[in-house]
Every structure is written in structure tokens, then in C-alpha cells.
1. Within the stretch B:185-211, which residues are within 24 Å of B:Glu99 (Cβ to Cβ) and surrounded by 19 or more Cβ atoms within 10 Å (Cβ to Cβ)?
2. In the set C:Glu53, C:Glu27, which member is among the charged types (D, E, K, R) and within 13 Å of DNA strand E (Cβ to nearest atom)?
3. Hey, does the stretch D:88-98 have a residue that's more than 16 Å from DNA strand E (Cβ to nearest atom), within 14 Å of chain C (Cβ to nearest Cβ) and at negative phi?
4. Before we move on, is A:Val119 hydrophobic (A, V, I, L, M, F, W, C), within 13 Å of chain B (Cβ to nearest Cβ) and in contact (Cβ under 8 Å) with a residue 24 or more places away in the chain?
5. Restricting attention to the stretch A:47-74, which residues are within 8 Å of DNA strand F (Cβ to nearest atom), under 11 Å from A:Leu30 (Cα atoms) and either within 14 Å of chain C (Cβ to nearest Cβ) or in contact (Cβ under 8 Å) with a residue 40 or more places away in the chain (or both)?
6. What are the residues in the stretch C:31-44 that are over 10 Å from C:Phe72 (Cα atoms) and more than 8 Å from chain D (Cβ to nearest Cβ), if any?
7. Return yes when B:Leu30 is more than 16 Å from DNA strand F (Cβ to nearest atom), crowded, with 18+ Cβ neighbours inside 10 Å, modelled with pLDDT of 95 or more and not small (Gly, Ala, Ser) and no when it is not.
Number of protein chains: 4
Amino acid sequence: MASDNISDSPQVVRTGKRAQQARETREKILKAAVKVFAEDGFSGGRIDRISKEADSNDRMIYYYFGNKEKLFLEVLESIYLAFNEAERRLDLDLSDPVEALKGIVRFTFAYYLAHPEFVAILNDENLHRGRHSRQSNNIQNISGDIQSNLKPVFEEGQKRGLFRPDVSVRNLYLTISALTYFYCSNQHTLTIFMNQDFKSPEFQSQWLNHIIDVTLNSVMIRGES
Amino acid sequence: MASDNISDSPQVVRTGKRAQQARETREKILKAAVKVFAEDGFSGGRIDRISKEADSNDRMIYYYFGNKEKLFLEVLESIYLAFNEAERRLDLDLSDPVEALKGIVRFTFAYYLAHPEFVAILNDENLHRGRHSRQSNNIQNISGDIQSNLKPVFEEGQKRGLFRPDVSVRNLYLTISALTYFYCSNQHTLTIFMNQDFKSPEFQSQWLNHIIDVTLNSVMIRGES
Amino acid sequence: MASDNISDSPQVVRTGKRAQQARETREKILKAAVKVFAEDGFSGGRIDRISKEADSNDRMIYYYFGNKEKLFLEVLESIYLAFNEAERRLDLDLSDPVEALKGIVRFTFAYYLAHPEFVAILNDENLHRGRHSRQSNNIQNISGDIQSNLKPVFEEGQKRGLFRPDVSVRNLYLTISALTYFYCSNQHTLTIFMNQDFKSPEFQSQWLNHIIDVTLNSVMIRGES
Amino acid sequence: MASDNISDSPQVVRTGKRAQQARETREKILKAAVKVFAEDGFSGGRIDRISKEADSNDRMIYYYFGNKEKLFLEVLESIYLAFNEAERRLDLDLSDPVEALKGIVRFTFAYYLAHPEFVAILNDENLHRGRHSRQSNNIQNISGDIQSNLKPVFEEGQKRGLFRPDVSVRNLYLTISALTYFYCSNQHTLTIFMNQDFKSPEFQSQWLNHIIDVTLNSVMIRGES
DNA sequence: TATGAATGAGCTTTCATTCAT
DNA sequence: TATGAATGAAAGCTCATTCAT
């Protein structure tokens, strides 16, 4: 009992409160950084805009993250992690590989549409030739199993004689990624050059139908579908 | 004669020479700007790095281009133009639509591979939500006929009953773009996350085969190919 | 007995322990501050380097010393005090004034060599025109009797007709100080400019011999030595 | 004639004017830097105080000197150079070595008194363990012949049997330096601790007499003076 | 007593840009 | 046409210091 009191002692509680607040501050900064870096890239993203957006001050960014580069690294980690978690939440029915595959395409496209910051930051990271990702061991671990959703589905489909045995999971993965990602990443220039509103739900949905069709046609055994 | 000489006077000659030199200086700066903006983006690209790279000096950039923004605009124009010109040089045999379509895929992929600066700058422009492209009338004109190669080929194939009538040129265009562009634009993060060297000729060529397959499967009428 | 125990109660004991710990923390900080200020000067010395060097944290410095300025003041006091104490430990034989004088030269030189932090901090204090020393009454008291060792020795030598009556203790004191201090305080630039290693024991010992010679020659009555 | 005009052409003249102004700006900054670094040291010296003192702006310091460190290096070089030049202007009469030696002591003391910035900056450089001087080849060249004034005088005196053959020029040089430099470099703490105004002309002059006496006694052959 | 969290002012440095010739 | 010199604004970052528990 007494020991209970001690474990609930003001000191511990106090520490808890402060630590909680601190975690929140850190989180607010990280969130603001995601937003700002997504909008302006690493070079264009301003420390003081981030701190203002986070209702904090410049100094805290250095307190929690060291410098701009390290902050960007954590931003990268956090968006990869969020993507992974979303993927993990995808519940696929392996008993219907075709439908499951469609589900993956739908999910991927929806995720990119809903997370322009993911696309923007990934683009910026590629502009810098993956410089930050290469630095971080965390990042390489985070995305270790990039094909973990697709692989069982595709292999199950192959086993059942639905999907072509001569297509690799890797190429299928890249195909789906390309068809979904490109639409989002290049929407602004495409909107201008094709005079077509890539943000309109109608256009998005017809594109989704198209890429599901493309994807299936690329793996289905002829005469099966 | 003497008066002829005068009309060919040093001044005029000099002007001619100078104009030539001027054009060269301008060209050198533009080329350097393409390089620097491709490497560091608009925000990260430094005026003085460009002028050094061009063996010129900062002041000349302002003399010829006004400011950084306008310089970037010209850079955009120049890379779009170069792409268009390359496309125009493509000589397609309409009498064999399937082969012609393959040729377009090959060309597009090869162009992106050979012109990382095109991909990088387009990415950066998308990061900035097409801000610069939207400003320039030139740019919109340049890329007015973005599907000019593909359209006749595809329509010829449809006419001949080779290609599906329910696929739009637009979607086909986007499909090819996505499959070729994504490989290049995201190669750095993909290289890290998939532990696969996207620069290796072998991997590139197997990907090319794959996307030709995907493209054809997406348009060919079943049982025809 | 029991009450005795109470007066020796945990609280008191704890206080005693804590007070002891507190004194130790304070001492560790002071020691670290001496080191850091000696290496980087007042302006260059960083609070957080001091706290890290002391295995403590910034806040403690403010708790114990108020601010950077006051900490520096205590540092000054502590090094003056240490010098004074070392001087006081010098046991001179007044019956042999010449030997005693030599002893003072030896001691002074040895002290500066062994205490580069003393020299460095004194230099820094002079850079700031004695700003801190002037503020502190303590400091002026500490070094009230700066010539307390030298005076009796020199006066004894004068009384015995060994030392010139026309030389002042003050000038003799400054002479010894100059000859010993300068060697240490300027050793780094001298090492560079004279291409001579001022840290080498041989060079130090020949210099000691030289300055003993110079000192004696400056006070001995001609024909006496 | 025509060619004369060309060499006097506006272009050259114009360039000349601007270049002249530029040199002046640079010089003003350097002078201001000497002052500020002398007063506050390297760490304490503020870039913006220097630029204000120079009636210029921060940016120009970076334009002309690169960064604070390099500016300090040039400051060091400039004060060493000034000292060397002053030394070179000293016209010594070798036919009277004793008087010449006195002249050197007088000059050295007078120089340090007149140039507190030299003493202060040298002190600061020693605080940083000669870090900057070691970096610069220029500096090592500048002060290559640090004993060039003293050497001929002393050797002439030795040749004539006036000066002791067992004293090295090097030690004599250090002796004079120590006796003159210390007075200046440590005047602020000494003024406080000895309760003696080291700035007063009387005290300075009695010290000069004393150190001339000390110096001569350290080299004169007994019975000669 | 001790310590993480927070802060504002100010530091060095860089940037795009303009001036003057 | 070309170029060194100059500039103000703002960038990233560090500093000594204080708050809150």
C-alpha cells in the first residue's frame, strides 16, 4: 500500500505530466515538419515555419531533433511507418486472390490520394538521391517487407492457376506502385498539360478502374478472366 | 567599297560576334541551371553555383533571365522542348501498330533513363504544385500535343481490330508514362527499400520487357496477340 | 539516547549527506569551469560544456553560482587562492637570502608551468581589462600580500649588504613575474615564431638557469656574487 | 598618343576607382576587426560590431574574408606585419652596442605601450594555443627573423668584449620581451593587485629604467659597466 | 537538491538581388 | 556585354538563462 503511494507519488506523477507534455511538443513539431517539408521540400522548408506551425519555437526543434537534417530524417521515418501501419491494417481474403489483388490496388491508390505529404516527401527524397534514407538504419528496417501484403496474395493466385507463373511479385509490385503513385506525384503538371482535373473524383475513379484492369490483365492467365 | 566596309564595320562585326558570344553565354547559363536545379531543386539550387558552373557570374543571370524564378521557367521550357523534339524525331511505322506501340514504350523509358534532369525537374515542379508551369503560356503551348505520337498509332490499331476500343488514348498514355517514369523518378528510394540496383542494365531491360508486356496486355484484344 | 538519535535523525543525517553531496557537486562544477574557461576563455567557455564536464547539468550552475559571470568570478578567486596557498607553503631559509631568492624564482616558474589554467585565465582576465577582478572584494583581499614571500627575503639580503639598496621589492617582484610568466603565457606563439619547443624540459631548465642568473645580476651588488 | 589614351581609358580609370574603393572597404574592415578582436577576443568579437565599426555591413566581411576565422587570421598577419615594419624602421648604431641595446629595450617597451591591440590579440592567440598562427604560412614567414635587430647588436657587443659570450641571443631576446610585454599584458590585474597605476607615465618610465638596468646587468661583463 | 523542458535574443553565415562602372 | 562591389533580409543554429515540477 505504502509502496503504491510511492509509485503514485507526486514526484513520479509530476515527471509523468511533464514527460507527457514533452512528448506532445515533440509530436507537434514532427507533424508540423511533415506538413512543411511536404509543401516546400527539404531545402524550401523553413525551420521557423515549422516551429510556428507547431505552436512552439525554433529552439525546441534543435532541442528535440538536433538539426534540420535529423528532423527530416525523422519525418521520413514517420511517414514510412505510417504507410506500413496502414498496409498492415489491410485485411485481405486470400481465398479470393483476384479480389484481394484488386483490394491492394485500391488501397494503394487511396493511400497516395489521401496522403499527398507521403508522395511529396518521397519525391523530394528522390530529388536528393535518397541521401537521407541511406543514412538511417531505422528507415531500412521500417520498409524491410515492402511486398508483405502482395506476396501471399499473388502466390496464392499462382498456386490456384489464376495468375501467370512468369510474372515476378517484384514486377507486379512495381507495376501497381507506378500506376498509383505516378497519378498522384505528377498530377500538377499532368493537370496542366492534359487539361484534365486529376483531383476530380470522377477522373480518379475511372483511373482506378483502368489500373485495376491493367493490373489484372498483366497477371491473369489468358482465357481465365 | 570603303563604305561597304563601313557597313561591315567593326561595330557591326563586333555586334555580330558579341551577339554570338551573348547567345553562348546565355546557353551556358541555361545548361548549368538545368544541371543545378536537377540536382538541388528550385529552392536548393544556388544562383552562384549556376553561374560558376556556367563559367560566368551571378550578374549575368540577372542580365539574361531577370531572376531565379524566370530562370527556372526557362529551364522548364527548355526541358519540355527537348523532350518534344525527341518525340518528334521518333519515326513510327503506322502499318504495324503493335510494334509502333512497343517503340513508344521503349522510347519513353529510354528518354527518362537518359535524362534524369528531366525527371528530377518535373518532380520538383510537382512538389511546387506546378506553380511555374502554370505561369508560363509558352509551356502550355510546348506540350499542347502530348499524345501526338501515341494517338495515331493507337487509333490505327483500334481501326485494325487489334486494340481494344474501350481503352482511351489518355489512359494508355498515362499508363505508359507511369510505368516508365516511376522507375526513374523513384529509383533512389526503391533501390534502398527493395535492395535492387535500379541502375543496372539487366534490371532495366527486364523491366522494359515487363512493361511492354503490361502495356500490350492492357490494350490487346484477348486471343488476338 | 533516543532523543539523541532524533537529533541525529535521518533528516539531519540526510541533510548532512546531501550537504556533502552538494558541496561535491559545487566543487565539480567549479573545477570544470576552471578547465573550460582556461581552454576557451570567458566568452568562448560554454555553460553546457562546463556542466557536462562536471557530470552535472546547466541548471545546477545557476543554482550554485547565479550566472556565468559570477561563476567566472569564483573561478578567478579559486585560482588566486590556490596560488596563494602554494606560495604560503614555500618554506624559505632567510639565513641564505641568495638561495631563498633563487627558490622563489624556481617556485614561481614551476607553478606557472604546472598550472597553465592559472596563466590562461589570468590572460583572459587581462583581455577584459580586469573587469571581473575589479568587481570582487574577495579577490582584492586574496592577493593583498602579493609580495609576502619576496619582501622578507629581499630585505634580509639588503640588510646583509648582498642586495642593492636601490632596487625596489616591487620591481624585483615584477621582474621575476615577467621572466617566468611570459615564458608560459606566450609559449604557443613563441614556439611557432622561434621554432623552439617551449614545452621541452631541456629548454625549460636552461631558461630557468638563465632567469635565475638575470634575477641575481639585477640585485647583487657588483663583485659580491 | 592614341595608345596612351587607351591606357588612360575611362574603363581602366573606372576600374581603378572601384578597385581603390574596394581596397579601402577591405582596409576599414580589417582595422575595425583589429580593434574589436583586441577588445573582446576572437570568441567575444562580434561580426556585426566589426562591420558597424567599419561603416560597412556583415556581408562584406564574408565577401572579403570568407569567415570569422579567416578574418582573425588576417588580423593576426596584419599586426605581426606592423610590428615587423616598426622594428625595421629602428635605426641602430652598431658602433655603440650598449646604447643600441638600450634602444631596443626602449623601442620594444614603447611599441607594446602604444599598441595594446597587439598585446591583446597575441594574448588571445595564446589562449587558443596558437591555433590560428599555426594555420597560416604567411604568419610564419612574416616573423621569420624575429631577432634580426637584436642579433647584430649583441654580437657586435660580444666581439668588442662588452657582452658576455655565455649568453645566447635567444635568451636575451626573450628576456627583453618578457620584461616589456608582461608589464603591458598583465597591467590590468597588476594594477588591481599591486594598487599601482601601470598607465601612469612615471611608473612606466621608472619601469623602463629598471628593465634597461636588468637587461644590461644580464649581459655586461662584470666590472665593465 | 536536482533536472528535463522551454525560451528569446543574438550569433555566424547565406541568399537572391542591385549598384556602379 | 560584362563584372567586381555592395546590400538587406532571412536562414540555420547557439547561447545563457528561466520555468515547472
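1. B:Trp207, B:Leu208, B:His210, B:Ile211
2. C:Glu27
3. Checked the stretch D:88-98: no residue is more than 16 Å from DNA strand E (Cβ to nearest atom), within 14 Å of chain C (Cβ to nearest Cβ) and at negative phi.
4. Taking the combined requirement at face value, the residue satisfies it.
5. A:Leu71, the sole residue that qualifies.
6. C:Lys31, C:Ala32, C:Lys35, C:Val36, C:Ala38, C:Glu39
7. Spelling it out, it is not the case that B:Leu30 is more than 16 Å from DNA strand F (Cβ to nearest atom), crowded, with 18+ Cβ neighbours inside 10 Å, modelled with pLDDT of 95 or more and not small (Gly, Ala, Ser).
Okay, residues lined up against (1) surrounded by 15 or more Cβ atoms within 10 Å (Cβ to Cβ); (2) polar (S, T, N, Q):
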| position | (1), (2) |
| --- | --- |
| A:Ala86 | yes, no |
| A:Asp96 | yes, no |
| A:Ala120 | yes, no |
| A:His128 | yes, no |
| A:Arg134 | yes, no |
| A:Asn141 | no, yes |
| A:Asp145 | no, no |
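The values are calculated or read from the model by the stated rules, or taken from the named source; none is laboratory data. Being a predicted model, the structure only gives us computed values, none of them experimental. Using ideal geometry, Cβ is built from the backbone for each residue, glycine included, and neighbour counts are taken over all protein chains shown.
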